[in-house]
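Trainee: Below is the structure I would like to discuss, written out as structure tokens.
The values are calculated or read from the model by the stated rules, or taken from the named source; none is laboratory data. All of these numbers come straight from a predicted model, not from anything done at the bench. Every residue, glycine as well, gets a Cβ built from its backbone with ideal geometry; the counts of neighbours run over all protein chains shown.
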């Protein structure tokens, strides 16, 4: 790890210990689209250091939960607490810096902007850092995600796996002069979807490396990939029919008698999941 990365990490290290043990708490969250209830009175607490995989059949509300947590979608009912403070409205209504970062399933990069402009976009828009300072920060986080020297590339010139890593860099870059603005929780929406096994392994390793690098110690990942579940998570939450049906450690996956977990990991067509 070079001096530029070390400087970036040192600048935010003083804020790595937060007085709030609970980073996120959902209380009675419900959401429906028309007559279809997607989430039904969901309660969930994410604590500092949690590495959680949110799993379940397609269409069961996993990505909906992520968008509600990120403040991109309103819940119909219930309360959301971030670092002990109740959040009212969407992220665009918040006056305080967001404490949650999100990596979207399809990277969501601006095609017309270079990698450097994509990664440094929010710093250009919402900080008083100079162009040179932002450039150095972007170069540091790009090296952290294993992509040095690609600042002047456009997204179309990158592979799918590289685009994913650029979106990771964008989610973790922060103003070292204002370390409280760094994300305390990262949300990953299907980070290995559509990638080959080798590219998936690179992304899985990167998720763990970001957690151990002092940048962000807690995350919640939505995934269907068995390897991603087992290699990135310590805790598993199984969502089905709008409710949490199982909450346990990754070590319990192969021992539990829970019928949802048994069917999901065996791929059987017989069981409570239809």
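Trainee: Does residue 24 satisfy the condition of being at pLDDT 90 or above, crowded, with 16+ Cβ neighbours inside 10 Å and more than 19 Å from residue 59 (Cα to Cα)? Before the answer, list the steps.
Mentor: Details: at pLDDT 90 or above: yes; crowded, with 16+ Cβ neighbours inside 10 Å: yes; more than 19 Å from residue 59 (Cα to Cα): yes.
So residue 24 fits the description; yes.
Trainee: Would you mention how many residues in region 249-272 are within 17 Å of residue 222 (Cβ to Cβ) and surrounded by fewer than 19 Cβ atoms within 10 Å (Cβ to Cβ)?
Mentor: As a first pass, look at region 249-272 and keep what is within 17 Å of residue 222 (Cβ to Cβ): 250, 253, 260-261, 264-265.
Filter once more, so that each one left must be surrounded by fewer than 19 Cβ atoms within 10 Å (Cβ to Cβ): 250, 265.
Matching residues across region 249-272 total 2.
Trainee: Being in contact with a strand residue (DSSP E or B) (Cβ under 9 Å, 6 or more places away or on another chain), under 24 Å from residue 249 (Cα atoms), modelled with pLDDT of 90 or more and buried (at least 19 other Cβ atoms within 10 Å of the Cβ) narrows it down to one residue among 64, 45, 60; which is it? So that I can check it myself, show each step before the final result.
Mentor: Values: 45 fails: buried (at least 19 other Cβ atoms within 10 Å of the Cβ); 60 fails: modelled with pLDDT of 90 or more.
Within the list 64, 45, 60, the selection yields 64.
Trainee: Which ones in region 45-68 are part of a strand (DSSP E or B), farther than 15 Å from residue 103 by Cβ and out of contact with any helix residue (DSSP H, G or I) (no Cβ under 8 Å at 6 or more places or on another chain)?
Mentor: Step one: list which residues in region 45-68 are part of a strand (DSSP E or B), which gives 45-47, 51-55.
With farther than 15 Å from residue 103 by Cβ added as a condition, the list becomes 45-47, 55.
Within region 45-68, 45, 46, 47 meet the criteria.
Trainee: Can you run down the residue pairs with Cβ atoms below 6 Å, 6 or more apart or on separate chains, where the first is in region 95-109 and under 16 Å from residue 207 (Cα atoms) and the partner is modelled with pLDDT under 80 and part of a loop (DSSP other than H, G, I, E, B)?
Mentor: Partner pairs satisfying both residue conditions: 100/183; 101/183.
Trainee: Scan 84, 71 and give me the residue that is modelled with pLDDT under 90, more than 26 Å from residue 156 (Cβ to Cβ) and touching a helix residue (DSSP H, G or I) at 6+ places or on another chain (Cβ under 6 Å). Reasoning before the result, please.
Mentor: Numbers: 84 fails: touching a helix residue (DSSP H, G or I) at 6+ places or on another chain (Cβ under 6 Å).
Of the residues listed, the single one that is modelled with pLDDT under 90, more than 26 Å from residue 156 (Cβ to Cβ) and touching a helix residue (DSSP H, G or I) at 6+ places or on another chain (Cβ under 6 Å) is 71.
Trainee: With 111, 93 as the choices, which residue is surrounded by fewer than 17 Cβ atoms within 10 Å (Cβ to Cβ) and modelled with pLDDT under 80? Spell out how you get there, then give the answer.
Mentor: Values: 111 fails: modelled with pLDDT under 80.
Going through 111, 93 in turn, just one is surrounded by fewer than 17 Cβ atoms within 10 Å (Cβ to Cβ) and modelled with pLDDT under 80: 93.
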